[in-house]
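First up is the structure itself, then whatever we jot down about it.
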């Protein structure tokens, strides 16, 4: 791992000295900025630029290719929702696959579920894992669970070797569809996921912002409706440091026992043994689970029209 | 009104040339920035600095004292929620008072309710009204409703002359509690509002961000629980250009006929005659109404503890 140094980072904007500005063609004309106290790490992996800095008010921040992946202050919202939305929607999940999610935060949340026996994770970029373990111990704590088996590699390739019907749940914690995560938004990938799930199994994928990316979401919904013959739903939540302040999730189930995502049947918050090691849930609860499927009218019209 | 000119604005940050950056002690260490195409207006009223610019991707933007008040792209979320959350929670609202809201967007939304007979608005800053009429015709359209009566003045003073029990609903569309809106977050103001409401009447006030301002929200909730003897609730929604991407609302009712804010009984979306002149609702619907009262656990714990 490359050491932190004083070299100019390409993502510490020269137009806002001392601040990190998140500028991307995925959200043109706007930029969220965080004040930087200290750059802790800068490196270039085989896949992307990786940076960690200490911010003034959001704790430590992980940046991949110039885009905020997590901050210590608000990571709870994303990690808890992307994990518990699928896992609380099915009875007794036992085998779970995480694709992406190299920081370990989703693992931390999966491990709150005592029914789970096996947690596979396939992350393409070892540098993300190493950086998280070094700088984000409260996130990377997810790796300490003995049920976790780490596979460093390409999620698309990994799924090809998975026996049909292996998993109860697959969680796709990807970055945006520009860069190494691009394939994770395409139809062949969703087909592989469906194949890897048991009948009535569930998938939850990061699915962008209703305010910024309705065109991407439309395509994802249309693809998912073709591939997942159980239910197909869109949910969203608030994450202040993500563009437009929200992030969405596609929740789909395969043909088989029906899954009613909007009414969770497997509450993680009922059993608090997991809070001893991992702390209490900060964000997720059963009410916000159901509420997250209620969409603003502009998004509802588009997403529902894709079902017809 | 002062003409737009090429003078340097104190709020077009010199550190991000060509961009507006929203920097404030209310959200230290972070700043949302919008790319500026053209500054359309800059003025200084008796109360605040007023600016309008054309942004690259959010349409026209209204700034007061350096803080984004509305953009054409996302104003629907705030205006529709702050209005329909209270008005859809009571049967047949007839008399409505808006305090603040000089841009006219709340008026536009109130006027969708055919039961309403009288809409009073008390805005302190005439420049905000004039600027909105000039640059935001789709927002200021609210003033065209013949039921609207405009009072330019201080909302606190206005309430002193209102007969007890006058209004079915009061909507407080204020800016942040630094500047001219400060009093609108204090206890004497809430007492005046309660007095102006009929038994079982409702108030909805802008109530900051659960991510940034839990200390302010705690105080507001504690005050409201002392003053409003019906129900006291906190709701929130997504507004991308507000700090942290969310904004909250305090919804309270006075003693009298019970108001169950979480289950709207007076759906505006059932009757679509209002859409002919004002366009369809973009954001609000009955499901998102109920969902907006579901809070993340960290906020729920604090807000519920204030009720004990």
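The values are calculated or read from the model by the stated rules, or taken from the named source; none is laboratory data. Here the structure is a predicted model, which means the values were calculated and not measured. Quick reminder, even Gly has a Cβ in these numbers, built from the backbone with ideal geometry, and neighbours come from all protein chains shown.
Only residues that are assigned to a strand (DSSP E or B) and away from chain A (no Cβ under 14 Å) were counted across the range B:64-73, and they come to 4. So residue B:230 clears everything in (1) touching a helix residue (DSSP H, G or I) at 6+ places or on another chain (Cβ under 8 Å); (2) at pLDDT 95 or above except one condition, right? Which one? Of (1) touching a helix residue (DSSP H, G or I) at 6+ places or on another chain (Cβ under 8 Å); (2) at pLDDT 95 or above, only one is false for residue B:230: (1). Annotation note: of A:130, A:168, the sole residue that is assigned to a helix (DSSP H, G or I) and over 16 Å from the mean Cα position of the chain (by Cα) is A:130. Being part of a strand (DSSP E or B), in contact (Cβ under 8 Å) with a residue 12 or more places away in the chain and in contact with a strand residue (DSSP E or B) (Cβ under 7 Å, 6 or more places away or on another chain) is a condition met by no residue of the range B:74-82.
So for the range B:138-153 (the condition being out of contact with any helix residue (DSSP H, G or I) (no Cβ under 6 Å at 6 or more places or on another chain), away from chain A (no Cβ under 14 Å) and free of Cβ contacts under 8 Å to residues at least 24 places away in the same chain), does at least one residue qualify? Yes, the range B:138-153 contains at least one residue that is out of contact with any helix residue (DSSP H, G or I) (no Cβ under 6 Å at 6 or more places or on another chain), away from chain A (no Cβ under 14 Å) and free of Cβ contacts under 8 Å to residues at least 24 places away in the same chain. Summed over the range A:30-63, the residues that are more than 25 Å from residue B:22 (Cβ to Cβ) and touching a residue at least 60 places away in the same chain (Cβ under 8 Å) give a count of 9.
Tell me, please, whether a residue that is surrounded by fewer than 17 Cβ atoms within 10 Å (Cβ to Cβ) and assigned to a strand (DSSP E or B) can be found in the range B:105-124.
Within the range B:105-124, one or more residues are surrounded by fewer than 17 Cβ atoms within 10 Å (Cβ to Cβ) and assigned to a strand (DSSP E or B).
All but one of (1) modelled with pLDDT of 95 or more; (2) outside the structural domain of residue A:142 (by the TED database) hold for residue A:86; state the number of the condition that does not hold. Unmet for residue A:86, out of (1) modelled with pLDDT of 95 or more; (2) outside the structural domain of residue A:142 (by the TED database): (2). Consider the range B:250-282. How many of its residues are out of contact with any strand residue (DSSP E or B) (no Cβ under 8 Å at 6 or more places or on another chain) and closer than 21 Å to residue A:292 by Cα? Of the residues in that region, 7 qualify. Going by the structure shown, is residue A:201 in contact with a strand residue (DSSP E or B) (Cβ under 7 Å, 6 or more places away or on another chain), away from chain B (no Cβ under 14 Å) and not in a helix (DSSP H, G or I)? Yes; evaluated as a whole, the condition is true for this residue.
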